[in-house]
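Undergrad: Okay, handing you the structure first.
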Amino acid sequence: MTRPARPIPDRHLRPPMGWNSWDCYGTTVTEEEVLANATFMRDHMLAHGWDTVVVDIQWYEPTARAHGYNPDAPLVLDDHGRQMPAPNRFPSAADGAGFGPLADRVHELGLRFGLHIMRGIPRRAVAARLPVAGTDWTADEIADTGSVCPWNSDNYGLNHDHPGAQAYYDSQVAQFAQWGVDFIKADDMLFPYHEREISAYARAIARSGRIELSLSPGTDVSVAHLDHLRDTATMWRVCDDLWDRWEDVEAQFGRMARWAPWQGTVSTGGSTAGGWADADMLPLGRIGIRAERGEDRLCALTRPEQISLLTLWLISRSPLMMGGDLPTSPVETIELLTNDEALDVLWHSGDNREVLREKDLVLWTARDTDGRTRYAAVFSLADRPEHVAVPLGSIGARPDDRVRELWTRTDTPHDGHCLRADLPAHGAALYRLTPPDTTG
């Protein structure tokens, strides 16, 4: 039975949902492409909770290319060593306007605007000894030239024993806020875990008064950092970049089982706080157009694998950041992303956890915030189709529960003892379990 539509919770009470340019455009996205995706989101996805558009890495690099980074790239900087959008890619940024005009356009569509930034300060600013805004210090005085990103040569880290390091982050984030930025994805923060850099960036964001912080890339990030992450960020990655390969998806089962108990903890006052462990972007739809990985293609995951990916992200309450180009992605992909019955699990659940993993069978359960409804996800990691019989007690179901599969939007009969399903290779089913006297 179809459940009556429920309001989408305030964005502070649910994981972020949006689009990010990385999987389709890598370092090369243009203003026209950002606006095309923003317009599509407004027209087809905003009503389903998708509300944020993020310009990923090297928006300040006029010679950016697919499949890698240019050494000693000619970054566009202002007089204080802060990155500025490359006008050849973002024409509205000319004459020092920055991302202000583009953010205004995105806001007019009813959406939030986000950008990516690397940890530290540009090496070109250090070489030129550019002054730090509002101070008497220069970039070479505050840089930690021994702290570098292993995969991108644009920046040095900052020496946080020097007060000018905080001043630089304060001035950078203040400029972003002036442009109207709502969301920052700060990269090269978590591997290794740069605690002082994260704290400094979080202080700068707190002083800006308006921006949410996402941290990347997340390789080997430990739950031991949970308290610090909650204090500083809205979301944090728990893996390296995830692409359209089943092995990448399968590796997320263990990671999200580790992090799911800590997602968006609800306080006794009823408000949600604590932030969100991020299983990474969704490499769905049309990706690789000018990306770092692979060529222009549709997602290489099979449809069952795509459903498994989305099911795991939903039942573990990961943020959802779509990586495919929205206007040119298949309609079937957009239908998955706008399935409100499935998205209810992301918006209205708690106590989300893996309850069983034996051989190729993985089970997750969650409780709806209404206090009566339950959810269950059944995954097959097998490389062949499988018929699975799941005892109702293994997923917290009762003998008289009504069961509905949310991807197919079909009511599912059972015998009061077992839930049976035929799952394709690497397939999943997502169920809503309701008592017989409950509407929907």
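Undergrad: Return yes when ALA186 is under 12 Å from ARG119 (Cα atoms) and in contact (Cβ under 8 Å) with a residue 60 or more places away in the chain and no when it is not.
TA: The answer is yes for ALA186.
Undergrad: Now a separate question. Quick check, is ALA397 outside any strand (DSSP E or B) and not basic (Lys, Arg)?
TA: It is true that ALA397 is outside any strand (DSSP E or B) and not basic (Lys, Arg).
Undergrad: Here's another thing I want to ask about it. Among the residues of segment 37-65 satisfying the criterion of being β-branched (Val, Ile, Thr) and not in a strand (DSSP E or B), which is farthest from the chain's Cα centre (by Cα)?
TA: The residue in question is THR63.
Undergrad: Conditions: (1) among the polar types (S, T, N, Q); (2) surrounded by fewer than 18 Cβ atoms within 10 Å (Cβ to Cβ); (3) over 23 Å from ASP296 (Cβ atoms). GLN83 meets all but one. Number of the miss?
TA: (2)
Undergrad: Working only within segment 331-366, note down all residues that are open to solvent by 30 Å² or more (accessible area, probe 1.4 Å), in contact (Cβ under 8 Å) with a residue 24 or more places away in the chain, more than 18 Å from PRO304 (Cβ to Cβ) and assigned to a strand (DSSP E or B).
TA: ARG353, GLU354, VAL355, LEU356, ARG357
Undergrad: Oh, and also: Please identify the pairs in which a residue from segment 384-402 that is touching a residue at least 60 places away in the same chain (Cβ under 8 Å) and over 16 Å from VAL355 (Cβ atoms) has its Cβ atom under 7 Å from the Cβ atom of a residue that is in a loop (DSSP other than H, G, I, E, B) and open to solvent by 10 Å² or more (accessible area, probe 1.4 Å), counting only partners at least 6 apart or on another chain.
TA: As it stands, the answer is ARG402/MET1; ARG402/PRO436, since those pairs meet every condition given.
Undergrad: Please report, ordered by residue number, the strands (runs of 3 or more DSSP E) entirely within segment 81-181 with at least 1 residues that are over 28 Å from the mean Cα position of the chain (by Cα) and in contact (Cβ under 8 Å) with a residue 12 or more places away in the chain.
TA: Values: elements: 112-118, 143-148, 155-158.
Those strands (runs of 3 or more DSSP E) span 143-148.
Undergrad: Same structure again: Scan segment 374-393 and give yes if some residue there is of a type in the set (D, E, K, R), within 27 Å of ARG297 (Cβ to Cβ) and open to solvent by 70 Å² or more (accessible area, probe 1.4 Å), otherwise no. Talk me through it step by step, then tell me what you get.
TA: Looking only at segment 374-393, we keep the residues that are of a type in the set (D, E, K, R), and these are 374, 383-384, 386.
Restricting the remaining residues to those that are within 27 Å of ARG297 (Cβ to Cβ) gives 383-384.
Those left that are additionally open to solvent by 70 Å² or more (accessible area, probe 1.4 Å): 383-384.
Scanning segment 374-393, I find at least one residue that is of a type in the set (D, E, K, R), within 27 Å of ARG297 (Cβ to Cβ) and open to solvent by 70 Å² or more (accessible area, probe 1.4 Å), so the answer is yes.
Undergrad: Have a look at ALA251, ALA257, ALA277 and point out the one that is surrounded by 21 or more Cβ atoms within 10 Å (Cβ to Cβ) and out of contact with any Gly (no Cβ under 6 Å at 6 or more places or on another chain). Explain how you work it out, then say what you get.
TA: Numbers: ALA251 fails: surrounded by 21 or more Cβ atoms within 10 Å (Cβ to Cβ); ALA257 fails: surrounded by 21 or more Cβ atoms within 10 Å (Cβ to Cβ).
Just a single option satisfies the conditions, and that option is ALA277.
Residue-wise test of (1) touching an Asp or Glu at 6+ places or on another chain (Cβ under 6 Å); (2) closer than 23 Å to LEU312 by Cβ.
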residue	(1), (2)
PRO192	no, no
GLU195	no, no
TYR201	no, no
SER214	no, yes
HIS225	no, yes
ARG237	yes, yes
ARG245	no, yes
ALA251	no, yes
TRP262	no, yes
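Undergrad: Ok, one more. Do any strands (runs of 3 or more DSSP E) entirely within segment 212-302 hold 1 or more residues that are touching a Leu at 6+ places or on another chain (Cβ under 8 Å), and if so, which?
TA: Of the strands (runs of 3 or more DSSP E) lying wholly inside segment 212-302, those with at least 1 residues that are touching a Leu at 6+ places or on another chain (Cβ under 8 Å) span 212-215, 235-237.
Undergrad: Test ALA47 against the criterion of being farther than 21 Å from THR328 by Cα and not β-branched (Val, Ile, Thr), and give yes or no.
TA: No.
The values are calculated or read from the model by the stated rules, or taken from the named source; none is laboratory data. Computed from a predicted structure; not experimentally measured. Positions of Cβ are generated from backbone atoms using ideal geometry, with glycine treated the same way; all protein chains shown enter the neighbour counts. When the accessible area is computed, the model is the full protein with side chains, heavy atoms only, and any ligands, DNA or RNA have been set aside. Shrake-Rupley method; radii C 1.70, N 1.55, O 1.52, S 1.80 Å.
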